[in-house]
Structure formats: C-alpha cells, structure tokens
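Comments concern the structure below.
The values are calculated or read from the model by the stated rules, or taken from the named source; none is laboratory data. Predicted model only: the values in this text are computed from it and were never measured. So basically every Cβ, Gly included, is an ideal-geometry build from the backbone, and we count neighbours across all protein chains shown.
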Amino acid sequence: MTPAERLRKNQRMLDKAIRELDQMRVKLEKQEKTLIQQIKTSAKNGQMGACKIQAKDLVRTRRYVEKFYSMRSQLQKISLRLQTYRTNEQMMQAMKGATMALGSMNKSMNLPQLQRIAMEFERENDIMDQRQEMMDDAIDDAMDVGIEEEGDEVVEQVLEEIGVDFNQALGETPTALGTAAVPEGKIAQAVGGGGGGGGGGGDPVDDDLQARLDSLRK
C-alpha cells in the first residue's frame, strides 16, 4: 500500500468515526430533553426521590455530550492534519512532474537552432518591409498618373473663361504670370460693366488682359 492510499484509508476511518460521534451526541441531546421533562413531572407530583435520580442522569448525559464534542474536535483536528499532509504530498508530486517536464524541454531545446531561426525571421521580415515599401511607392505612382494633365486642363478652362490663351501663358516668364494673376479687381470690374481703361502708365500685361476682357463684352 502506497503512502497516498494509506492516507486515504485513514481519512475515511476518521470521517466514519466523526459521523458516529455525531449520531450518538444527537441521541444524548434528545435524551437530555426527555430527562428534563421527566424531572418537571416528578417535581409536580412530589416524587422527590425519582426527581433526584433523574437529575443525576441528566448531569451524566450532559457530561457525555460535552465529552463527545471534545472527541469530535480531536478527530476533526487529526483529519485536517492528514488532509494538509495529503495536499502537500500532491503538491510535491505536481512540482516533481513539472520539474521533470522542464528538464526535458531544456534538454531538447537547441539554442543555436533557435538563434538561427530568430535571425532568419528578422531577415525575412526586413525583406517583407522592403517589398511592401516598393508596392506602396508603385501604387502611389499609379494613383498620380494623369493628375498633372487634369490640372493643366482645369487651368486652361479657367484661362479660357477670362480670355487668356493657355499656351501663351505657359510661354511667359514666372514674373509675368504672377503679375497677370493679380488684377482680379480689374477682371471683376470689366465683367460687371464698369470702365476699366482709366489711368495711364499701367502694366502692359494688365493692359493686354483688359483689352481681351473688353473684346469679350462686344
């Protein structure tokens, strides 16, 4: 019989003894109540001799009840101690199994192979990042196709609305283009029908733009 089996057997014996003590204690407590009732009856009937005998039985019964409580407490203490020992034994066995498993894993673990796998993973991850960056650049380039042409079309439409030739505007210097974009007030005045040709000494580009706007009104 193994120590664990012996512990379980003793535990069952203790549990059985505790149950038997509880049953006997319950019977004595019922007997105590019966004796109290008998003592009251004998006292009412004036039977003092019987009353004294019953009183002694009551005292004896109460002492046994107290004794059974004490015995149960002792058995419960032993049972808890055995249960604690059994739990410690189970914990020790579990730790032993875990230690053996960890030792087996440590023996089977190949550190150089693990390092090589980690390096390969890092390299493949870098390659994936580079390819992803190339794909992102290709997608961005594909999305930008035609944007410049569409922007030129929009500018051409705007210049046509104000009477400026798109090709001529592209051929001018940046300074001239910047100057041509300024006279917004004159454009509004010309379209609104006011006099736009006042004041001499103006910019030739402004005069040319004003002349084109005046021709649009005719």
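What do you reckon, is residue 16 at pLDDT below 90, basic (Lys, Arg) and loosely packed, with under 14 Cβ neighbours inside 10 Å?
No.
Is it the case, given these coordinates, that residue 50 is under 30 Å from residue 88 (Cα atoms), in the same structural domain as residue 85 (by TED's automatic domain parsing) and in contact with a helix residue (DSSP H, G or I) (Cβ under 7 Å, 6 or more places away or on another chain)? Answer is no for this residue.
I'd like the residue in region 54-75 that is surrounded by 14 or more Cβ atoms within 10 Å (Cβ to Cβ) and free of Cβ contacts under 8 Å to residues at least 24 places away in the same chain and, out of all such residues, is nearest to residue 20 (Cα to Cα). The residue in question is 57.
Pairs linking a residue in region 1-15 that is under 20 Å from residue 94 (Cα atoms) and assigned by TED's automatic domain parsing to the domain that holds residue 75 to a residue that is among the aliphatic types (A, V, I, L, M) and part of a helix (DSSP H, G or I), with Cβ atoms under 7 Å and 6 or more positions apart or on different chains, are 7/82.
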